[in-house]
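Chemist: Got a structure for you, questions after.
The values are calculated or read from the model by the stated rules, or taken from the named source; none is laboratory data. Just so we're clear, the structure is a prediction, and the values are computed from it rather than from any experiment. Heads up, the Cβs are rebuilt from the backbone with ideal geometry, glycines too, and the neighbour counts pull from every protein chain shown.
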Amino acid sequence: MTDDFRPGQVREVTAVSNPVIKEIRALALKKNREESGRFLAEGLKLVTDALDGGWVVHVVVFAKKMSSNAAVQAVAARARAQGALILEASEKVLSTISRRDNPQMVVGVFGQRWLKPEAIRAQDGDLWIALDRVRDPGNLGTIIRTADCAGAKGIILVGETTDPWSIEAVRATMGSLFHMPVARMGVEAFLQWRKGWPGMVVGTHLEGAVDYRGVDYSGKPVLLLMGNEQQGLPPALAESCDRLCLIPMAGQADSLNLAVATGVMVFEIRRHALVMKGASS
């Protein structure tokens with residue numbers, strides 16, 4: 001931050017040319033997010049979720065017209081107590097940050113949080129999801145949200161994937177990003193790591209030999225491996241799976257959207273876990 005805007009302060013900003021606003025807007029670019037280790041979260045809910053989850057907060061910007069809103073002021077106070085810079089801004093300034101005509105009234109800048117692969121600990125009944133070269137930030141955000149809903153333990157990004165810290169991906173998670181650990185690995189590193197996986201590795205493939213409903217997913221850790229939107233799983237990753245499953249389709253479309261296909265698989269795996277839990281209770 002510039003010398004004029006120090007952590008723990010509350011300042012009013014009216015100009016889009018303000019240097020701090022320029023720094024925040026620069027987070028729209030992946031290279032700037034990677035260099036700074038920071039990202040944007042839009043909206044009171046997401047900012048609150050991040051604070052509740054103990055994420056490091058650097059800046060909170062809220063609309064001037066929300067200065068008397070109790071919930072917004074509570075969030076600002078919490079962030080300020082952690083040393084964050086608090087900015088009261090015009091809607092014009094907020095529009096330039098979010099790149100929307102109707103921006104959220106609260107925006108936060110937080111530190112990224114990556115899970116180290118060696119910290120992944122899988123137990124019986126756990127579900128982890130590995131995504132190969134996922135390209136669409138909306139798909140990634142929706143998968144993170146779906147994984148959270150289904151009680152998955154975390155996401156592993158494999159190869160060159162879209163950035164989970166992009167504003168589009170963060171929006172699509174609806175706050176689940178702050179509850180769902182995310183790790184990343186190159187393809188070779190993933191294949192090596194997979195050798196130590198204690199349970200089943202299941203992938204989806206158009207040439208899968210087994211209907212996804214015919215697999216017993218219960219009683220063991222499951223790693224669900226989903227391929228790229230256009231190309232699916234490459235041979236090396238497909239060969240690393242214990243089971244390759246097919247999701248049957250009845251219409252003319254030849255494939256499902258990646259987020260939808262992942263949701264279908266995730267809730268089938270969860271159903272098996274619930275059946276197993278019910279049988280043992």
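Chemist: If Leu206 satisfies all but one of (1) under 28 Å from Ala28 (Cβ atoms); (2) touching a strand residue (DSSP E or B) at 6+ places or on another chain (Cβ under 8 Å), what's the number of the condition it fails?
Modeler: (1)
Chemist: Check Ala236, Ala259 and return the single one that is outside any loop (DSSP other than H, G, I, E, B), surrounded by fewer than 19 Cβ atoms within 10 Å (Cβ to Cβ) and in the same structural domain as Thr173 (by TED's automatic domain parsing).
Modeler: Working: Ala259 fails: surrounded by fewer than 19 Cβ atoms within 10 Å (Cβ to Cβ).
Only one candidate qualifies: Ala236.
Chemist: Can you find, within region 74-114, the residue that is surrounded by the most Cβ atoms within 10 Å (Cβ to Cβ) among those that are farther than 23 Å from Gly37 by Cα and in contact with a Lys or Arg (Cβ under 7 Å, 6 or more places away or on another chain)?
Modeler: Ala89
Chemist: Taking strands (runs of 3 or more DSSP E) that do not extend beyond region 5-78, which have at least 3 residues that are touching a helix residue (DSSP H, G or I) at 6+ places or on another chain (Cβ under 8 Å) and closer than 17 Å to Gln104 by Cβ?
Modeler: Details: elements: 10-13, 38-42, 57-63.
Qualifying strands (runs of 3 or more DSSP E): 38-42, 57-63.
Chemist: So in region 44-65, with the set limited to residues that are surrounded by fewer than 19 Cβ atoms within 10 Å (Cβ to Cβ) and out of contact with any strand residue (DSSP E or B) (no Cβ under 7 Å at 6 or more places or on another chain), which one is farthest from Met174 (Cα to Cα)?
Modeler: Filtering region 44-65 for residues that are surrounded by fewer than 19 Cβ atoms within 10 Å (Cβ to Cβ) and out of contact with any strand residue (DSSP E or B) (no Cβ under 7 Å at 6 or more places or on another chain), the one farthest from Met174 (Cα to Cα) comes out as Lys65.
Chemist: Do we have Asp124 as part of a loop (DSSP other than H, G, I, E, B) and outside the structural domain of Ala238 (by TED's automatic domain parsing) here?
Modeler: Numbers: part of a loop (DSSP other than H, G, I, E, B): yes; outside the structural domain of Ala238 (by TED's automatic domain parsing): no.
So Asp124 fails the test.
Chemist: Here is a further query. Among the residues of region 203-218, is there at least one that is at pLDDT 95 or above, in a strand (DSSP E or B), assigned by TED's automatic domain parsing to the domain that holds Arg133 and surrounded by 14 or more Cβ atoms within 10 Å (Cβ to Cβ)?
Modeler: Scanning region 203-218 turns up at least one residue that is at pLDDT 95 or above, in a strand (DSSP E or B), assigned by TED's automatic domain parsing to the domain that holds Arg133 and surrounded by 14 or more Cβ atoms within 10 Å (Cβ to Cβ).
Chemist: Just checking, does region 159-170 include any residue being under 10 Å from the mean Cα position of the chain (by Cα), at pLDDT 95 or above, buried (at least 22 other Cβ atoms within 10 Å of the Cβ) and of a type in the set (Gly, Ala, Ser)?
Modeler: Within region 159-170, one or more residues are under 10 Å from the mean Cα position of the chain (by Cα), at pLDDT 95 or above, buried (at least 22 other Cβ atoms within 10 Å of the Cβ) and of a type in the set (Gly, Ala, Ser).
Conditions tested, residue by residue: (1) among the hydrophobic types (A, V, I, L, M, F, W, C); (2) closer than 23 Å to Thr162 by Cα.
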{"position": "Gly37", "(1), (2)": "no, yes"}
{"position": "Leu40", "(1), (2)": "yes, yes"}
{"position": "Gly54", "(1), (2)": "no, no"}
{"position": "Ala84", "(1), (2)": "yes, no"}
